Every structure is written in structure tokens, then in C-alpha cells.
């Protein structure tokens, strides 16, 4: 005897789909709660830096960078 192929499959019931959509929405919403996502700038203005101020480089670091740049300049 053949089974009726048009019968509703138990895994595709309305409650199952609603539960699946609800779980997906919760998971998507929780991804925005990661610590790395907090306090980031979301209001962008072209040409305006709104990030944290850079810490000044030490004189030793500046001297080293200048030395390395001078090496690159020589042919």
C-alpha cells in the first residue's frame, strides 16, 4: 500500500517552524553581545577619526623607526 505523500511531515509542523525561527533570531541577537562588539564606533563621519587617541612613541622607538626608514632609502 502506498503512503500519502501530501500528508504533513511531523518535522515541518507550524510549531516546529516557529521554534526554529525563534531560535535563529535569538542566536543572531546574541552575536551582538560579544565583548569585541561593545564600545565600537558605529557613527562614521568621512575624514573624522573617532577612535581612541594613540599613545605617544618613546624616543627610542622613534629613533629605531628613523633608522629603519633610512636603511630603506639607500639603493
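Of the residues that make up the stretch 51-58, is at least one modelled with pLDDT under 85, surrounded by fewer than 10 Cβ atoms within 10 Å (Cβ to Cβ) and on the phi < 0 side of the Ramachandran plot?
Yes - at least one qualifying residue is present in the stretch 51-58.
Here residue 44 clears all of (1) modelled with pLDDT of 80 or more; (2) more than 17 Å from the chain's Cα centre (by Cα) except the condition numbered (2).
The values are calculated or read from the model by the stated rules, or taken from the named source; none is laboratory data. From a predicted model like this one, the values you see are computed outputs, not experimental measurements. Glycine also receives a Cβ, built like all others from the backbone with ideal geometry; neighbour counts cover every protein chain displayed.
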